[in-house]
Each structure stands twice: as structure tokens, then as C-alpha cells.
1. Would it be correct to say that HIS85 is modelled with pLDDT of 75 or more, under 13 Å from GLY126 (Cα atoms), touching a strand residue (DSSP E or B) at 6+ places or on another chain (Cβ under 8 Å) and exposed (fewer than 14 other Cβ atoms within 10 Å of the Cβ)?
2. Please count how many residues of the range 108-125 are more than 9 Å from CYS95 (Cα to Cα) and part of a strand (DSSP E or B).
3. Within the range 72-82, can you find the residues that are touching a strand residue (DSSP E or B) at 6+ places or on another chain (Cβ under 9 Å) and loosely packed, with under 10 Cβ neighbours inside 10 Å?
4. Checking the structure you have, find out if any residue of the range 96-110 is closer than 20 Å to GLU63 by Cβ and surrounded by 12 or more Cβ atoms within 10 Å (Cβ to Cβ).
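The values are calculated or read from the model by the stated rules, or taken from the named source; none is laboratory data. Quick caveat: nothing in here was measured; it's all calculated off a predicted structure. Glycine also receives a Cβ, built like all others from the backbone with ideal geometry; neighbour counts cover every protein chain displayed.
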Amino acid sequence: MEIFIHTHNAMDQRHISPSWIFKQSSEDQIEAVCTKILQETETEKEKESILCKNCKSEITTVEYSTAVNGQHAHILKNPAGITFHIGCFSRAWGCIVYGIPTDEFTWFAGFSWCVALCAHCFTHLGWHYQSGGDSFFGLILANLVKDSKIH
């Protein structure tokens with residue numbers, strides 16, 4: 001088996017055998033290739049989709065997880081005594097934001113909030129928080145599922 005290497009000049013093609021490639025590869029080069037493969041695998045994990053549990057529409061991806069007040073996940077109680085376990089995300093294109101922003105009973109000082117709904121089935125997924133130019137989504141983790149498909 002031969003491998004053709006094409007250079008900038010179409011007339012200059014070289015034929016090499018796979019054994020020559022392996023002989024010429026140093027341990028550093030092999031390690032660099034392995035590292036790149038591992039990094040690409042990690043990147044694929046970061047792109048894991050997060051879906052609406054009700055209709056399975058894509059809401060966001062793991063890569064948009066963010067920390068607010070030092071952590072991604074928060075357990076919070078509303079004035080009616082209902083406890084929510086939320087995760088914070090910098091983007092959630094699968095949500096629509098509904099209502100007029102309010103700072104009443106906000107869980108995050110300095111941030112006003114509106115309700116965030118699934119754009120497809122209108123399930124309540126959480127809240128959108130904003131303060132000046134900063135914003136994030138606090139999404140109810142029990143209303144979301146991770147997509148196990150490889151992208």
C-alpha cells in the first residue's frame with residue numbers, strides 16, 4: 001500500500017509507504033496525536049445536548065453551563081415554599097422568555113427575572129436573569145434530560 005502526498009505543486013507528488021511514516025514518527029508526535037484525539041473527545045462531551053424532558057427539543061448544551069455566585073447548580077426555595085434545583089446556563093436557544101422582568105423575590109441579588117419556557121411545548125423550564133448587560137438562564141434540572149447521542 002502506498003500513500004500519496006500532494007504538495008502545492010501538482011506535478012510534485014511523492015509516494016511513501018505506511019512503514020516509513022511510523023519509522024519517522026517520534027514518540028512526541030504520537031503523544032501529540034493522542035492528546036489531540038483526547039481533546040476532541042472532551043469537546044464532543046461538552047457539546048452534549050440538554051433537552052426538554054417533556055418534548056425532547058434541544059434547549060442548550062453542556063458547554064454553556066456557567067457558574068453564578070461560584071456554582072453551576074443551586075437549590076432554592078420560592079416564597080410559596082416550593083424548592084427548585086436549578087442549573088445555570090449562559091445560553092438557552094430552546095427557551096422563550098415570557099413576562100416583564102421583575103426583581104421581586106429574586107434568587108440572585110441585582111438580577112431581575114422572567115419565566116423561561118420551552119419554545120416548542122411551552123413547559124416551564126426555569127427563569128431568565130438579567131442585570132445590565134449580564135444575563136443567564138436558571139433552568140429546572142428536573143425538567144431537562146441530557147441527550148446521549150454523539151454529535
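1. Yes, satisfied.
2. Qualifying residue count, the range 108-125: 5.
3. Once the filter is applied, which keeps residues that are touching a strand residue (DSSP E or B) at 6+ places or on another chain (Cβ under 9 Å) and loosely packed, with under 10 Cβ neighbours inside 10 Å, the range 72-82 yields only ILE75.
4. no
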